[in-house]
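To start, the structure itself, in C-alpha cells.
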Amino acid sequence: MGRRVYVPDDVSAIAAGADRVAKALARRPDLTVVRTSSRGAFFLEPLVEADGPEGRLAWPNAAPKDAARIAAGAGGMPVAKIPFLVRQTRFTFARAGLAEPLSVEDYEAGGGFRGLRRALEIAPQAIVDELKTSGLRGRGGAAFPAGVKWQTTRDAPAEQKYVVANADEGDPGTYSDRMVMEGEPYRLLEGMAICARAVGASRGHIYCRSEYPHAIRKLRAAIARAAESSFLGRRILGSDLTFQVEVFVGAGAYICGAEAALLESLEGKRGMVRFKPPFPAVQGLHQQPTVVNNVITFATVPDILERGGAWHASIGTEKSKGTMPLQLAGAIRQSGLVEVPFGVTLESVLHDFGGGLPRGSRFKAVQVGGPLGSIFPEKLLKTPICFDAFTEAGGILGHGGIVVFDRDTDMVELARHFMQFTADESCGKCTPCRVGSTRSREILEQVLAGTATAEDIETIRDLSETMKATSLCALGGLAPYPVLTALEHFPKEFTQRLRK
Ligand SMILES: Cc1cc2nc3c(=O)[nH]c(=O)nc-3n(C[C@H](O)[C@H](O)[C@H](O)COP(=O)(O)O)c2cc1C
Ligand code: SF4
C-alpha cells in the first residue's frame with residue numbers, strides 16, 4: 001500500500017476535474033487514493049491532500065500532470081495555513097474534507113454518533129429541553145425555533161409520527177445541504193434519529209431534489225450501512241428506538257421546498273401549499289404529527305446533544321445562536337462554504353473569506369437569502385449575519401446563500417429575472433402571487449423595452465404591497481423584495497428607461 005493521498009468526491013470537486021486527478025494518482029504504485037468529502041473551498045478544487053509531518057498538506061487546483069509532484073510530496077502547502085479555512089469556526093462542517101463519506105468507522109472515529117448515544121441514555125423530553133436551551137433556529141429559511149417545533153410534535157398524541165428532512169435546497173447558489181448529504185450523510189441521519197427519539201417517531205423521509213443524483217446515491221448507501229451497524233432500523237444500538245429512513249426524490253419544483261407543498265408531494269400529490277393551521281408539527285404527513293426540518297438544522301443536532309444546549313447557546317448573537325454555513329457565489333474571488341458564528345458582518349464575509357471581487361470588477365450589490373432575498377447595496381454591508389439584523393435591514397438570511405453582483409449587472413434585468421422566477425415557480429393556489437408575479441414581470445419587461453411609464457412603476461409597487469400582505473405563503477409574500485429593493489437602491493436604472 002502506497003502513501004495515502006486524499007481527493008474529494010464532492011460533485012463540485014468532480015466538476016473541477018477531481019475524477020481525472022484521482023485517476024492519474026491511482027495509476028502510480030507508490031500512492032493509495034482515498035476519496036473524501038470536500039472542505040468547501042471550491043475556488044481551490046480539485047484540492048488534493050496528503051498526510052504531512054504536522055497535519056495535512058494540500059495541492060490546490062491540482063491537475064493530472066501534478067501526480068509526480070504530489071507523489072514526491074513536493075510543493076504542498078499546509079492546510080492549516082489556508083486563510084479561507086482557518087479563519088472559519090466550523091462545527092457542522094468540522095470534518096468536511098477529512099473522511100470517506102460512506103465510512104461508518106471514519107464517522108465514529110471523528111466523534112460521530114456520540115450525540116445519538118447520549119440521546120438514547122436520557123429521557124426524550126430531556127432531548128427537547130436540550131434543544132430549547134440551545135436556541136437552535138431552523139436553517140431552511142424561516143428560522144423557527146427547532147425545540148418549540150419538536151415539543152409540539154412530541155406533545156401531539158398519535159400512533160404514527162414522522163421526521164422529514166427538507167433537502168430540496170431550491171435557492172440558486174446554495175449547496176450546504178448537498179455538501180452534508182454527499183460529504184457526511186451520517187450526520188444528517190444521526191440528527192434525524194435523535195429527533196425521532198425525542199418526538200416518538202418511527203419513520204423518516206429525506207425529500208431530496210432530483211438535481212442531486214450523487215447525494216441521493218450516497219444517502220441510500222449510507223442508510224443501508226447505518227442499518228447494518230445498528231445506527232438505524234429496529235432497536236437502534238440495543239435500545240427501544242426503531243427508526244426507518246427512506247429517500248424520496250423530488251420532482252423539481254421550487255415550491256416543493258415549502259414544507260406544506262413538500263408534504264403534498266411526499267404523499268404523491270401535486271406540490272401545492274396547504275392552508276395553515278393545522279401546522280405540520282400537529283398534522284403533517286398523512287395527517288400525522290411531523291417534524292419537518294432543514295438538512296443543516298438536523299446536522300447541527302448531534303453536536304448539541306454531545307456538547308450540551310448551553311454550549312450552542314454560548315455562540316452567536318442574542319437571538320441567533322450557533323454558527324451559520326454561508327455559501328458564497330457570483331462575482332467573488334473565493335467562492336465556497338463559510339461556516340461562521342452569527343454576528344460576523346456581511347462585509348467581513350465578503351472580504352475576509354470571499355477575498356473581495358475578481359481583479360478589475362467593482363462591487364455593486366449583494367443578494368442574501370436566495371431568489372426571494374433583498375438586494376443590498378454597499379451601505380448595508382455592515383449588517384451582521386443574524387436573522388433579526390437582516391429582518392431589521394429589510395432582508396432575509398434565508399438558507400445562507402450569498403450572491404455578489406458587480407458593476408456590469410443591470411438591476412432592471414435582475415429584478416425581471418427574479419420576478420420571472422416567481423411567476424414560473426408559483427404554485428398558482430392564490431391570486432396575489434399567481435397574477436401579481438406575472439403582471440409585475442410583464443411591466444419589468446416593458447421597462448426594459450423602454451415602453452413603461454412612471455405610472456407602471458407605481459403599479460409594481462401596488463402589486464408588491466398586495467402580494468406581501470395577502471399571499472398564502474412566503475413565495476408570494478417575499479417575491480416583491482428583490483424588485484422593491486432594486487428600485488429603492490438603484491432608482492435611476494429604472495427611471496432613465498421610462499417612456500417620457
Ligand atoms: C417557497 C419556499 C421554498 C422553500 N424552500 C426550502 C428549501 O429548499 N429547503 C428548506 O429547508 N426549506 C425551504 N423552505 C422553508 C420550509 O417551508 C420550512 O420552513 C423548513 O423546511 C423548516 O425547516 P427548518 O425549521 O429546519 O428551517 C421554503 C419555504 C418557501 C416558502
Ligand atoms: S403565494 Fe404563490 S406559491 Fe404560495 S400558495 Fe400562493 S400561489 Fe402558491
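The values are calculated or read from the model by the stated rules, or taken from the named source; none is laboratory data. No experiment lies behind these values; they were computed from the predicted model shown. No Cβ is skipped: glycine too gets one built from the backbone with ideal geometry, and neighbour counts run over all protein chains shown. Side chains are part of the model used for accessible areas, which takes the heavy atoms of the whole protein and leaves out ligands, DNA and RNA. Shrake-Rupley method; radii C 1.70, N 1.55, O 1.52, S 1.80 Å.
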Original post:
Got a number for carbon plus sulfur as a percent of the chain's accessible area, 1.4 Å probe?
Top reply: 51 percent
Subject >> Shape category assigned to segment 235-356 from the gyration tensor of Cα positions, a/c cut at 1.5 >> reply: oblate
Original post:
What lysines sit close enough to residue 319 to cross-link, taking a C-alpha to C-alpha distance under 29 Å and skipping anything fewer than 8 places away on the same chain?
Top reply: 132, 149, 276, 379, 382, 468
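Taking 0.36 nm per residue of separation and subtracting the Cα-Cα distance, what length does fully extending residue 82 through residue 114 add? Spell out each step's value before the answer.
Numbers: separation 32, 0.36 × 32 = 11.52 nm, distance 2.94 nm.
Extra length available between residue 82 and residue 114 comes to 8.6 nm.
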**OP:** Grab the eigenvalues of the alpha-carbon gyration tensor for the chain, scale each by 5, take roots, and send me the semi-axes largest first in whole angstrom.
**Re:** 37, 31, 19
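How high is the relative contact order of segment 332-477, in percent, counting Cα pairs under 8 Å that sit 6 or more residues apart? Can you show the working numbers first?
On the way: 189 pairs, mean separation 27.3, N = 146.
Rounded, it is 19 percent for segment 332-477.
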Subject >> Binned Cα-Cα distances of segment 346-500, short to long, each 10 Å bin given as a whole percent >> reply: 11, 40, 34, 14, 1
Original post:
Going by average Cβ neighbours within 10 Å, how do the peptides 289-298, 82-91 rank, with the highest at the top?
Top reply: 289-298, 82-91
Original post:
Which distance in Å, rounded to a whole number, links the C-alpha centroids of segment 147-221 and segment 294-362?
Top reply: 21 Å
Subject >> All lysines inside 25 Å of residue 218 as judged from Cα atoms, apart from same-chain residues fewer than 8 positions distant >> reply: 23
Original post:
How much accessible surface area, in Å² rounded to 10, belongs to the heavy atoms of residue 430 with a 1.4 Å probe?
Top reply: 30 Å²
Subject >> C-alpha center-to-center spacing [segment 446-491, segment 251-288] in angstrom >> reply: 28 Å
**OP:** Compute the separation of the alpha-carbon centres of segment 1-75 and segment 408-430 and state it in Å as a whole number.
**Re:** 40 Å
Subject >> Prolate/oblate/rounded call for segment 377-456, Cα gyration tensor, a/c under 1.5 rounded >> reply: oblate
**OP:** With a point put 7 Å past each Cα toward its Cβ, work out how far residue 210 is from residue 230 in nm, to one decimal.
**Re:** 4.0 nm
Original post:
For the charge dipole of the chain, defined by +1 on Lys and Arg C-beta atoms and -1 on Asp and Glu C-beta atoms about the Cα centroid, which residue among 409, 97, 50 has the Cα displaced farthest towards the positive pole?
Top reply: 50
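So, for the chain, what is the accessible surface per residue at a probe of 1.4 Å, expressed in square angstrom?
Details: 19690 Å² over 500 residues.
Roughly 39 Å² per residue, with all protein chains present.
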Original post:
When only C-alpha pairs under 8 Å and at least 6 residues apart count, what is the relative contact order of the chain, in percent?
Top reply: 14 percent
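What FRET efficiency comes out for residue 498 versus residue 474 if R0 is 35 angstrom and r is the Cβ-Cβ distance? Round to the nearest 0.05.
Values: r = 31 Å, r/R0 = 0.88.
According to the calculation, E is roughly 0.70.
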**OP:** Report the one residue of 189, 148, 138 whose Cα lies farthest in the direction of the positive end of the charge dipole of segment 138-211 (charges on C-beta: Lys and Arg +1, Asp and Glu -1; origin at the Cα centre).
**Re:** 148
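Taking the Cα centre as origin and putting +1 on Lys and Arg beta-carbons and -1 on Asp and Glu beta-carbons, what dipole magnitude results for the chain, to the nearest 20 debye?
500 debye
What percent do you get for the relative contact order of segment 339-407 when only Cα pairs under 8 Å and 6+ apart count? Write out the running numbers ahead of the final one.
Details: 102 pairs, mean separation 28.0, N = 69.
Value for segment 339-407: 41 percent.
Rounded to the nearest 20 Debye, what is the dipole magnitude of segment 142-259 about its Cα centre when Lys and Arg each give +1 and Asp and Glu each give -1 at the C-beta?
Working: 14 positive and 14 negative charges, 74 e Å.
Approximately 360 debye in magnitude.
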